[in-house]
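The values are calculated or read from the model by the stated rules, or taken from the named source; none is laboratory data. Everything numeric here is computed off the predicted structure, so don't read it as measured data. All Cβ positions, even for glycine, are placed from backbone atoms using ideal geometry, and neighbour counts span all protein chains on display.
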Amino acid sequence: MSYETLSVLKSTLQPPITTTEKDSTLQHLLDVATEAIDEYCGRTFDMVDEVRTFEAPYDSDLEVTDLLEVTGITVGGTALAATGYQLRPLTLTTRYPHYTRIVRLQAGYPGPWAYRAVTMAIDGTWGYSWDVPATIKEVCRIMATRLYRREITGYANEAGSNEAGATIVQSPKASLDQDCKDMLEPYRRKWTAGTLSAAPPRPWIDAGWP
């Protein structure tokens, strides 16, 4: 699913497109822009329900990435009661849109996950936030618009897209203009240790990059 809708893109093009003749091309460009955003940020802004497997830490904190909700946790194959862990931060906000840590609780206090090497499986909903951020939608629209304009002009660069004075021909592929990269910088994924098999929707997430 692309991060911006076809109807929004068509209405914001100049001049706006009111027919369906270009729908297939425009949707493809939205998909290309979405792929480029995911690749640059090292994460997806879609939500996915799945089980991800981690190496259980010896201390009480397990670092996770882009966790929105937990359905269940098993440690070494044994189910953990909901009272046996706590998600951090305690409240999700615009500044903290997803959980980043799971704290093991024992008798109401933090305690170790395991005294020997075991794996833990987390079944839940994963994603950056419950809603696609406005900046992500905007970058998707901007890049789809630019790729469309480059297509109808034979992929000639728009003014300001040259680098070091050299003319660069850009075709619709998974790449972003520098201003879009600047907009996305706060959303780039930081590397998180401990994941064994997260089964992510993008291969670079499993590799822990960037």
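For the stretch 56-77, taking the residues that are at pLDDT below 90 and surrounded by fewer than 17 Cβ atoms within 10 Å (Cβ to Cβ), the one that is nearest to the chain's Cα centre (by Cα) is identified as ASP61.
Test ILE142 against the stated conditions and say whether it is over 25 Å from GLU4 (Cα atoms), hydrophobic (A, V, I, L, M, F, W, C), surrounded by 18 or more Cβ atoms within 10 Å (Cβ to Cβ) and modelled with pLDDT of 85 or more. No: the conditions fail for ILE142.
Looking at this structure, is TYR40 over 30 Å from ASP177 (Cβ atoms) and of a type in the set (Ser, Thr, Tyr)?
Numbers: over 30 Å from ASP177 (Cβ atoms): no; of a type in the set (Ser, Thr, Tyr): yes.
Criteria not met by TYR40.
Considering the conditions (1) under 27 Å from ASP182 (Cβ atoms); (2) out of contact with any strand residue (DSSP E or B) (no Cβ under 7 Å at 6 or more places or on another chain), ASP66 is excluded by exactly one of them, (2). Taken together, GLU35, GLU63, GLU39 contain a single residue that is of a type outside the set (Lys, Arg) and touching a helix residue (DSSP H, G or I) at 6+ places or on another chain (Cβ under 9 Å), which is GLU39. So which residues in the stretch 83-138 are without any contact (Cβ under 8 Å) to a residue 60 or more places away in the chain, aliphatic (A, V, I, L, M) and surrounded by 12 or more Cβ atoms within 10 Å (Cβ to Cβ), if there are any at all? Hits for the stretch 83-138 are LEU87, LEU92, ILE102, VAL103, LEU105, ALA114.
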